[in-house]
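What follows draws every value from the coordinates through simple rules; no lab data is involved. Quick caveat, the model's predicted, so the values are computed rather than measured. Counting neighbours? That spans all protein chains shown, and the Cβs are built from the backbone with ideal geometry, glycine included.
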Amino acid sequence: MTKVNLISLQKTYHGQPDLVLKNFSLSVDDGEMVALLGPSGSGKSTLLKLITGIEHPDSGDIQFDGSSIVNVDPNKRGAVLMFQKSYLFPFLNVEDNIGFGLKVQGASSQTICAEVKRMLDLIGLPGIEKRNPGQLSGGEGQRVALARALVTNPKLLLLDEPLSSLDTSVRINLQEAIRKIQHELGVTTIFVTHDLGEAMAMSDRMALLLDGEIVAVDKPDALFHHPRSVAAAKFMGVSTFLNGDQLKVQNEAGCSSEKIFAIRPEHIRVQKDGCENSMPGVVSGCVFRGEYVEYQVTACEITVRARMPMPAPMFLNGERVFVKFPQEHLFEVNSAR
Amino acid sequence: MNKIYTFVLRFALYIIFAAPLALFIAYAFSTRWFFPQPFPSEWTNSAFISTLSDSRVFSGLRDSLVIAMIVSLLSLALGFPAARVLGLRQFRGRQIAWLILFLPTVVPPLAIGMGLNILFLQIGLAGSYVGVVIAHLIPTLPYVIFTLAGAYARYDENFEFQSLVLGASQARTFFTVTLPLIAPSLVVATLFAFIISWSQYLLTLFIGSGRIITLPILLFSAASGGNPVTIAILSLIFLAPPVLVIAATARQLNNNEGREQY
């Protein structure tokens with residue numbers, strides 16, 4: 001369908017000195033689903049607004065299939081946006097809401113009727129044409145909003161945290177539904193979220209965003225196992241970083257003090273007895289989470305967070321323990337972004 | 001006990017609102033009504049019919065209606081963009097803009113009337129319908145802006161963005177999305193403008209220079225004349241259009257309550 005190129009986009013908001021987006025470049029392949037993951041204020045939503053044309057970039061270019069659309073009006077771009085709330089028009093029923101885009105294009109009422117029916121089957125809510133938006137649950141509302149977005153056969157689908165206002169069970173359900181529909185229709189999609197699990201579950205590639213800049217872009221599994229930088233590793237849930245000096249305590253081989261090593265919390269072991277590759281510490285926090293126990297251990301002036309799968313040995317706060325960093329799970333990261 | 005109390009209070013409230021109306025009706029349609037009698041002894045509609053067929057009353061009614069409708073439409077056209085910006089946007093000088101737009105509600109109408117009269121005499125608008133319409137806009141605009149700005153403060157622009165990205169043009173979005181969303185407040189704002197213009201006496205008197213005779217002008221001159229039957233009849237005529245307008249829109253207002261609460 002559409003290949004999207006975002007080239008060196010810059011954006012500041014009126015009256016604010018900070019750049020919301022700094023030299024932002026990203027390309028999204030035809031039919032690909034890319035997740036933009038970042039904390040609030042990282043410029044995710046601004047980016048989507050630039051792509052739809054609601055906002056204009058200060059500089060840079062946006063291309064659909066190689067041709068620039070920066071000067072095209074929002075209603076002629078064919079990039080549809082779906083928000084956190086469904087924004088179904090409250091004065092129209094479900095059928096007229098979904099048919100809105102087609103009606104604007106001047107489609108006949110038979111076409112609209114048939115297309116609405118097709119979309120309702122696709123989203124798994126057949127027969128609700130005559131209901132009002134107020135009668136829909138949050139999840140149903142988002143499904144209808146998705147149908148409304150997709151019925152016009154858009155070049156690009158933009159999802160701005162579409163699931164973050166929903167309950168967990170509904171959310172997981174909809175994650176699968178959106179992913180399936182996106183695959184079926186092959187629509188190029190950019191998906192904004194601040195939920196790591198959601199981003200990994202739904203996307204072909206993930207772009208990590210911090211302060212308007214891309215920290216890393218890669219496939220979810222590659223980013224999860226081998227984030228290249230400290231910032232990227234933090235995104236992926238890594239919180240323990242050790243420099244060469246700290247590691248020298250336990251391992252003499254090949255550690256320079258400038259190098260930074262990271263390790264995933266589930267690979268760190270907390271144990272009673274010292275052994276090779278371990279350092280002494282004191283338990284400063286312990287949270288039971290069912291499937292695992294989360295330990296906070298203060299060792300060598302840093303706080304180490306470890307996740308021990310159940311059944312795990314139980315330690316009390318203040319207890320002296322050893323944290324072990326298995327050699328095979330340590331990986332080197334860049335301190336720069 | 002509590003129920004009785006509420007009932008009595010409610011009834012008292014109704015009486016307070018309805019009593020003057022009942023008195024007007026009694027005066028307008030009676031021929032003989034002397035002090036100790038609780039109700040008029042003879043009823044007639046001849047005075048009412050003769051007042052209605054008076055050409056001054058007819059033209060006053062017509063002028064009042066036409067002016068009030070034009071003023072309502074103009075207030076909406078002028079107030080809508082101002083209210084949108086004041087309700088939706090934050091900008092430097094927003095407070096000052098509010099203050100200036102609200103000045104007419106605190107400055108005495110007499111002062112406005114005198115000032116406008118001098119100005120309009122100079123530019124030749126005194127005594128004209130255009131002049132009266134412009135003068136009426138001064139008290140109506142703040143209410144229209146206030147009502148619509150309130151609606152816009154609760155408004156979510158994403159509805160419009162949604163419409164735009166679905167392919168609707170700006171104009172189409174305005175008519176198919178913005179207007180329906182804002183409709184309940186639009187009705188209230190129009191009502192305000194209509195009623196304020198309709199009951200405007202002082203500004204019409206000053207700017208109309210006695211050449212524009214609206215219903216309130218007739219009513220005031222009758223009131224100073226002191227004939228209770230004429231006053232009652234004119235008051236009833238004066239009351240009719242606003243009451244009809246409110247009655248016609250009340251149902252719609254109630255039905256649409258949910259619309260702004262997305």
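At-a-glance table
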| read-out | value |
| --- | --- |
| Which of A:Leu81, A:Val28, B:Ser50, positive extreme of dipole for the protein assembly as shown (C-beta unit charges) | B:Ser50 |
| Angle in degrees between helix B:228-255 and the longest Cα principal axis of chain B, rounded to the nearest 10 | 30 |
| Computed lengthening from B:Ala248 to B:Ser128, 0.36 nm per intervening residue step minus Cα-Cα distance | 40.1 nm |
| Theoretical FRET efficiency, 1/(1+(r/R0)^6), r = Cβ-Cβ of A:Ser137 and A:Ser27, R0 22 Å, to 0.05 | 0.05 |
| Tilt relative to chain A, helix A:94-105 - C-alpha long axis, 0 to 90 degrees, to 10 | 70 |
| Relative contact order, percent, chain A [alpha-carbon distance under 8 Å, six or more residues apart] | 17 |
| Test item: Cα-centred dipole of region B:46-261, Lys/Arg +1 and Asp/Glu -1 on Cβ, debye | 220 |
| Charge dipole (debye, nearest 20) of the protein assembly as shown; +1 at Cβ of Lys and Arg, -1 at Cβ of Asp and Glu | 1620 |
| Relative contact order, percent, region B:1-132 [alpha-carbon distance under 8 Å, six or more residues apart] | 9 |
| Phi to ³J(HN,Hα) by Karplus 6.51 cos²θ - 1.76 cosθ + 1.60 over region B:119-129, Hz, x for Gly, Pro | 4, 5, 4, 5, 9, x, 9, 5, x, 10, 4 |
| From phi via Karplus (6.51, -1.76, 1.60), per-residue ³J(HN,Hα) for region A:268-282 in Hz, x at Gly/Pro | 7, 10, 10, 9, 6, 9, x, 8, 5, 6, 10, 10, x, x, 10 |
| Other protein chain Cβ atoms within 10 Å, averaged over every residue that makes up A:67-80 | 3 |
| Neighbouring partner chain Cβ atoms per residue of B:154-160, average, 10 Å criterion | 3 |
| Rounded, prolate or oblate (a/c below 1.5 giving rounded, otherwise prolate when a/b exceeds b/c) for chain B by Cα gyration tensor | oblate |
| Dipole in debye (nearest 20) - region B:1-142, about Cα centre, beta carbon charges: Lys, Arg +1; Asp, Glu -1 | 640 |
| Other-chain or far-sequence residues with amide H under 5 Å of A:Ala207's (modelled H) | A:Ala35, A:Leu36, A:Leu37 |
| Loop-resident sites, region B:183-221, for chymotrypsin sites (Phe, Trp or Tyr not before Pro), counting at most 16 other Cβ within 10 Å (DSSP) | B:Tyr201 |
| Angle in degrees between helix A:168-185 and the longest Cα principal axis of chain A, rounded to the nearest 10 | 60 |
| A:Ser40-A:Tyr13 pseudo-label distance in nm [points 7 Å out on the Cα-to-Cβ vector] | 1.2 |
| Trypsin sites (Lys or Arg not before Pro) lying in DSSP loop within region B:138-234, provided at most 15 other Cβ fall within 10 Å | B:Arg154, B:Arg211 |
| Region B:86-185: chymotrypsin sites (Phe, Trp or Tyr not before Pro) falling in loop per DSSP and having at most 11 other Cβ within 10 Å | B:Phe91 |
| Antiparallel bridge percentage (DSSP; both residues within the protein assembly as shown; nearest 5) | 70 |
| Given chain A, longest segment not containing exposed loop GluC sites (Glu not before Pro) (DSSP; at most 13 other Cβ within 10 Å) | A:1-251 |
| Which listed pairs, of A:Lys180/A:Lys234; A:Lys44/A:Lys85; A:Lys44/A:Lys324; A:Lys11/A:Lys103; A:Lys22/A:Lys155, have C-alpha distances above 27 Å, in listed order | A:Lys180/A:Lys234; A:Lys44/A:Lys324; A:Lys11/A:Lys103 |
| Projected label distance in nm at A:Asp61 and B:Leu52, using a 7 Å step from Cα toward the beta-carbon | 7.5 |
| Positive-end residue of B:Pro228, B:Leu244, B:Gly93, charge dipole of chain B with Cβ unit charges | B:Gly93 |
| Taking region A:187-236 and dividing mean pair separation by its residue count, relative contact order in percent (alpha carbons under 8 Å, at least six apart) | 26 |
| A:Val287/A:Asn334 FRET efficiency (R0 25 Å; Cβ-Cβ; nearest 0.05) | 0.25 |
